[in-house]
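Some notes on the structure that comes next.
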Amino acid sequence: MTLRDTVVDAVCGQRDQIPLVLAVCTVMGLLLAFPLFLLEPGTVGYTIAVLDGILVAVCLAVLGPTYWYCVKRRMD
């Protein structure tokens, strides 16, 4: 068994928790809309909000396809 198979098995073993994490990331993304519209660009708070937005986007971009792959793998 390769390292990739071991990691995929470990991640897909937590498949039931992925939708919860996706929901939390989605809510965090929705809540980020307020600071991005209300804060002025160039302030420290705005910079933190942009970094949080990047983290949320990365979270959604990684966990979405991961969940899809794990469900597809389970069906096969």
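Brief remarks follow.
- Partnerless Cys - the chain, beta-carbon criterion under 4.7 Å: none
- Most fluctuating residue given options THR43, THR66, THR26, as computed from a GNM of the chain linking Cα atoms under 10 Å: THR43
- Length-normalised contact order of the chain in % [C-alpha pairs under 8 Å, at least 6 apart]: 39
- 4 °C / 1.567 mPa s Stokes-Einstein diffusion coefficient of the stretch 9-76, Kirkwood radius on C-alpha pairs, µm²/s: 97
- Computed over the chain, the per-residue total of -39500 (n - 2.57) for DSSP H runs of n ≥ 4 gives a 222 nm mean residue ellipticity of -27000 deg cm²/dmol, rounded to 500.
- Between GLY42, GLY29, GLY53, the residue with the greatest mean-square fluctuation in the GNM of the chain (Cα pairs under 10 Å linked by springs) is GLY42.
Here, each number is a calculation from the coordinates, and none is a lab measurement. Being a predicted model, the structure only gives us computed values, none of them experimental. FYI the Cβ positions are ideal-geometry reconstructions off the backbone, even for glycines, and counts take in every protein chain you see.
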